[in-house]
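Peer 1: Got a structure here, written out as structure tokens. Questions coming.
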Amino acid sequence: MTFINYANKEINCKIVYYGPGLGGKTTNLQYIYDKTALESKGKMISLATEADRTLFFDFLPLDLGKVRGFTTRFHLYTVPGQVFYDASRKLILKGVDGVVFVADSQEARMDANVESIRNLEENLEEHGFDLRKIPYALQFNKRDLPGVVPLDQMYRMLNYKREPTFEAVATTGVGVFDTLRAVAKLILKDLRQSATG
Amino acid sequence: MSTDLVIYQEEYKTLEDVLRRLRVDSNARAIFLIDKNGQQIAAAGEIDQFDTTSLASLTAGNVAATDGLAKLIGEREFSVLFHEGQQDHIHISIVGKRAILLVIFDDRSSLGLVRLRVKRASGEMEAVFEQMANRATEAEAAASSASPFAEITDEDIDALFSE
Ligand SMILES: Nc1nc2c(ncn2[C@@H]2O[C@H](COP(=O)(O)OP(=O)(O)OP(=O)(O)O)[C@@H](O)[C@H]2O)c(=O)[nH]1
Ligand SMILES: [Mg+2]
């Protein structure tokens with residue numbers, strides 16, 4: 001749900017990073033936070049366990065500059081990927097404008113990736129959203145690890161609707177901004193679409 | 001799907017006026033109106049003292065978690081949350097269907113006073129939200145023809161990421 005404030009000339013959009021536990025969602029946000037100029041970012045909030053697993057969400061507000069005189073602000077959230085946190089995942093999807101799915105490229109995590117996409121589909125539906133329609137980007141993370149699943153195989157298994165798809169190494173930042181940029185663009189195009197009817 | 005929240009100058013001013021009055025009447029330090037998705041709508045008082053973006057996001061998370069708890073035990077919602085600190089206290093309440101009112105106050109005020117004043121102000125704000133909702137359904141077409149986003153070009157979008 002985009003929030004357009006004509007009084008302040010601001011538009012606010014919400015992007016949610018989704019995916020299986022330990023896939024690298026928090027690492028994506030951390031990298032974005034580290035590489036963004038001070039004046040363009042707010043504080044990053046992480047509600048995490050002692051072991052640095054996301055417990056409720058991470059949050060990072062980003063100012064991307066102006067479009068048509070409107071300050072464009074993106075609120076980035078991650079969900080907790082661990083299966084048993086489903087209730088929290090649902091809450092965070094509320095009012096989402098776009099989703100990034102962070103898949104783990106390791107063979108052993110393929111089932112978890114598939115299950116997490118199905119879970120995303122279901123949880124979106126509960127909020128009245130449709131994964132087929134919502135701005136969506138896919139990221140194959142951890143490409144630096146040895147013996148990862150080949151790209152075309154992952155693509156066949158995980159690509160949902162020919163969404164923009166990126167290889168990434170979130171720890172060093174490879175593909176991180178490309179993924180964010182892709183979903184942000186889709187959101188703005190959606191806004192244009194709904195404005196022109 | 002929930003429709004976008006669009007707020008115009010006049011409504012914004014009305015809401016700010018209500019917040020400002022509430023802040024004086026309740027002797028509070030600061031007051032924030034936040035939408036349930038965690039975005040700040042308006043604020044009044046010592047707002048420079050706080051990280052307002054974080055405040056909005058965490059408040060919304062807090063309300064969302066509490067809403068989840070309410071549903072689990074068969075309640076529709078818990079309409080008020082109160083957190084008591086050493087010096088500062090937080091009063092959180094729901095306004096209408098999609099907004100949250102956050103009042104930060106210290107011992108110059110009291111929970112009773114805040115609660116009383118919040119109740120009255122909420123009524124006024126709900127009226128504004130209702131007006132916004134009606135406008136959204138009635139004049140959606142008219143409003144959107146004036147939307148700045150109808151004119152967005154691919155270049156505009158690319159420019160956002162140019163640095
Ligand atoms: N080798 C490698 N490690 C990565 C990469 N991205 C993340 N990691 C590591 O994987 C672990 C988990 O990363 P997180 O970002 O916390 O994962 P998450 O998806 O937020 O996990 P949950 O919060 O449990 O859902 C951390 O130790 C990261 O350093 C990557 O591209 N390559
Ligand atoms: Mg995490």
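Peer 1: Hey, which of the strands (runs of 3 or more DSSP E) in the stretch B:1-116, taking only ones fully inside, have at least 2 residues that are more than 10 Å from chain A (Cβ to nearest Cβ) and farther than 24 Å from A:His75 by Cα?
Peer 2: B:80-84, B:89-95
Peer 1: A:Val183 is checked against (1) within 16 Å of ligand 1 (Cβ to nearest atom); (2) touching a Gly at 6+ places or on another chain (Cβ under 8 Å) and fails just one. What number does that condition carry?
Peer 2: (1)
Peer 1: Give the stretch A:1-50 a look and list any residue that's among the aliphatic types (A, V, I, L, M) and more than 14 Å from every other protein chain (Cβ to nearest Cβ), or say none.
Peer 2: Passing the criteria: only A:Leu22.
Peer 1: Taking the options A:Leu55, A:Leu93, A:Leu38, name whichever one is within 14 Å of ligand 1 (Cβ to nearest atom) and either more than 16 Å from the chain's Cα centre (by Cα) or closer than 15 Å to B:Ala60 by Cβ (or both).
Peer 2: On the way: A:Leu93 fails: within 14 Å of ligand 1 (Cβ to nearest atom); A:Leu38 fails: within 14 Å of ligand 1 (Cβ to nearest atom).
Answer to the selection: A:Leu55.
Peer 1: May I ask you to list the residues in the stretch A:112-144 that are more than 16 Å from ligand 1 (Cβ to nearest atom) and within 14 Å of chain B (Cβ to nearest Cβ)?
Peer 2: A:Leu124, A:Glu125, A:Glu126, A:His127, A:Gly128, A:Phe129, A:Asp130, A:Leu131, A:Arg132, A:Lys133, A:Ile134, A:Pro135
Peer 1: B:Asn134 is checked against (1) within 14 Å of chain A (Cβ to nearest Cβ); (2) closer than 20 Å to B:Val6 by Cα and fails just one. What number does that condition carry?
Peer 2: (1)
Peer 1: At least 3 residues that are free of Cβ contacts under 8 Å to residues at least 24 places away in the same chain and within 12 Å of ligand 2 (Cβ to nearest atom) in each: list the strands (runs of 3 or more DSSP E) lying fully within the stretch A:19-116 that qualify.
Peer 2: A:45-48
Peer 1: Among A:Val114, A:Val83, A:Val149, A:Val102, which is closer than 30 Å to A:Glu10 by Cβ and either of a type in the set (Val, Ile, Thr) or modelled with pLDDT of 95 or more (or both)? Don't jump to the end; show me each part of the working.
Peer 2: Details: A:Val114 fails: closer than 30 Å to A:Glu10 by Cβ; A:Val83 fails: closer than 30 Å to A:Glu10 by Cβ; A:Val149 fails: closer than 30 Å to A:Glu10 by Cβ.
Exactly one of A:Val114, A:Val83, A:Val149, A:Val102 is closer than 30 Å to A:Glu10 by Cβ and either of a type in the set (Val, Ile, Thr) or modelled with pLDDT of 95 or more (or both), namely A:Val102.
Peer 1: Given (1) within 23 Å of B:Arg21 (Cα to Cα); (2) without any contact (Cβ under 8 Å) to a residue 40 or more places away in the chain; (3) outside any strand (DSSP E or B), identify the lone condition not met by B:Ala121.
Peer 2: If we test B:Ala121 against (1) within 23 Å of B:Arg21 (Cα to Cα); (2) without any contact (Cβ under 8 Å) to a residue 40 or more places away in the chain; (3) outside any strand (DSSP E or B), just (2) comes out false.
Peer 1: Continuing with the same structure: Which one of these does A:Phe74 not meet: (1) more than 17 Å from the chain's Cα centre (by Cα); (2) more than 9 Å from chain B (Cβ to nearest Cβ)?
Peer 2: The one condition A:Phe74 does not meet is (1).
Matching residues to (1) within 16 Å of ligand 2 (Cβ to nearest atom); (2) surrounded by 18 or more Cβ atoms within 10 Å (Cβ to Cβ); (3) within 17 Å of A:Ser116 (Cα to Cα):
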site	(1), (2), (3)
A:Arg156	no, no, yes
A:Arg162	no, no, no
A:Val176	yes, yes, no
A:Lys189	no, no, no
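Peer 1: Since A:Leu76 meets every condition but one in (1) within 16 Å of ligand 1 (Cβ to nearest atom); (2) surrounded by fewer than 22 Cβ atoms within 10 Å (Cβ to Cβ), which condition does it not meet?
Peer 2: Going through the list (1) within 16 Å of ligand 1 (Cβ to nearest atom); (2) surrounded by fewer than 22 Cβ atoms within 10 Å (Cβ to Cβ), A:Leu76 breaks only (2).
The values are calculated or read from the model by the stated rules, or taken from the named source; none is laboratory data. Keep in mind that this is a model prediction, so the values were computed, not measured. When we count neighbours, we look across all protein chains shown, and the Cβ atoms used for this are built from the backbone with ideal geometry, even at glycine.
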